[in-house]
Each structure stands twice: as structure tokens, then as C-alpha cells.
Amino acid sequence: MAKEKKTEVKEEVSDKAAVVKFCPICGSVMEEKLWHGIMCWVCPECDFVIPVQS
């Protein structure tokens, strides 16, 4: 019988919660980036844009 190797998975814990936004048009995960000088959520699939509200 072969010994099974046990692997430990360590998760990084962040002080900030990750914000994930989904595109209302196609459902893809949106990316937060600078778009024409304004911080926006941009969908990489369909190019839908929503300005980030602070």
C-alpha cells in the first residue's frame, strides 16, 4: 500500500474584502480600471462600463 501524501493549503487572509462585480449584460466578472480618466468597472467580454461610486 502506498502512503498518501498530505498537503496543507495555506490561504492568505487579507484585511480588505475583495469586491467582485458581475456584468449585467453578459455575466462575466468585471475589472476595475481607469477608463478615459475615470475609475470604472469594465467588462472584458462585452465592454460594458459602469463608473465606480466612491
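The values are calculated or read from the model by the stated rules, or taken from the named source; none is laboratory data. On a predicted model such as this, the values are computed, not experimentally measured, just so you know. Reconstructed Cβ throughout: ideal geometry from the backbone, glycine too, with neighbour counts over all protein chains shown.
Quickly run through the stretch 1-27 and pick out the residues that are assigned to a loop (DSSP other than H, G, I, E, B), under 12 Å from the mean Cα position of the chain (by Cα) and modelled with pLDDT of 90 or more.
Going residue by residue through the stretch 1-27, those that are assigned to a loop (DSSP other than H, G, I, E, B) are 1-21, 23-27.
Within this subset, residues satisfying the condition of being under 12 Å from the mean Cα position of the chain (by Cα) are 17-21, 23.
Once the filter is applied, which keeps residues that are assigned to a loop (DSSP other than H, G, I, E, B), under 12 Å from the mean Cα position of the chain (by Cα) and modelled with pLDDT of 90 or more, the stretch 1-27 yields VAL20, LYS21, CYS23.
I need the full set of residues from the stretch 28-43 which are in a loop (DSSP other than H, G, I, E, B) and modelled with pLDDT of 95 or more, in order please. Lay out the reasoning, then the answer.
To start, the set of residues in the stretch 28-43 that are in a loop (DSSP other than H, G, I, E, B) comprises 28, 30, 36-37, 43.
Of everything in the stretch 28-43, those that are in a loop (DSSP other than H, G, I, E, B) and modelled with pLDDT of 95 or more turn out to be SER28, MET30, CYS43.
Just to be sure, is ASP47 assigned to a loop (DSSP other than H, G, I, E, B) and either at pLDDT below 75 or touching a helix residue (DSSP H, G or I) at 6+ places or on another chain (Cβ under 7 Å) (or both)?
Numbers: assigned to a loop (DSSP other than H, G, I, E, B): yes; either at pLDDT below 75 or touching a helix residue (DSSP H, G or I) at 6+ places or on another chain (Cβ under 7 Å) (or both): no.
So ASP47 does not fit the description; no.
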